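Visitor: Before I ask anything, here is the structure I am working with.
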Amino acid sequence: MMNRKQLLRKLQMLDFAIQETALFLNSHPDDRQAMQYYQSAVKEREKTAKEYEHLCGPLTNRQNLSDSWEYSKGPWPWERED
């Protein structure tokens, strides 16, 4: 299992890949390989985000689904733990 820092790094990489692929698809909408890559990256990001939230709590305030406000309980996603 990955730790918090590794999960955040993986999410950053996936977000970058998704955004860049979306930009590519804007000019190449019929590229099946790019579309498959995009869909795969989106699924992997969803899986990684769920793993992060299970381990560390909500990634954003929109994922705070419990009866208490868990999002504000430390550390914030951008805070370093070193």
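The values are calculated or read from the model by the stated rules, or taken from the named source; none is laboratory data. Note that this is a predicted model, so its numbers are computed, not measured. Glycine also receives a Cβ, built like all others from the backbone with ideal geometry; neighbour counts cover every protein chain displayed. These area figures cover heavy atoms from the full protein model, side chains too; ligands, DNA and RNA do not enter into them. Shrake-Rupley method; radii C 1.70, N 1.55, O 1.52, S 1.80 Å.
Visitor: Could you check, for the range 7-20, whether at least one of its residues is closer than 22 Å to Gly57 by Cβ, of a type in the set (Lys, Arg) and either open to solvent by 60 Å² or more (accessible area, probe 1.4 Å) or part of a helix (DSSP H, G or I) (or both)? Show your work before the answer.
Guide: Here is the first cut: in the range 7-20, the residues closer than 22 Å to Gly57 by Cβ are 7-15.
Restricting the remaining residues to those that are of a type in the set (Lys, Arg) gives 9-10.
If we keep only those that are either open to solvent by 60 Å² or more (accessible area, probe 1.4 Å) or part of a helix (DSSP H, G or I) (or both) as well, we get 9-10.
The answer is yes; a qualifying residue exists.
Visitor: For Leu59, only one of the following conditions fails: (1) part of a helix (DSSP H, G or I); (2) surrounded by 10 or more Cβ atoms within 10 Å (Cβ to Cβ); (3) at pLDDT 70 or above. What is its number?
Guide: (1)
Visitor: Of all residues in the range 28-51, count the ones that are open to solvent by less than 70 Å² (accessible area, probe 1.4 Å) and outside any helix (DSSP H, G or I).
Guide: Here the count works out to 1.
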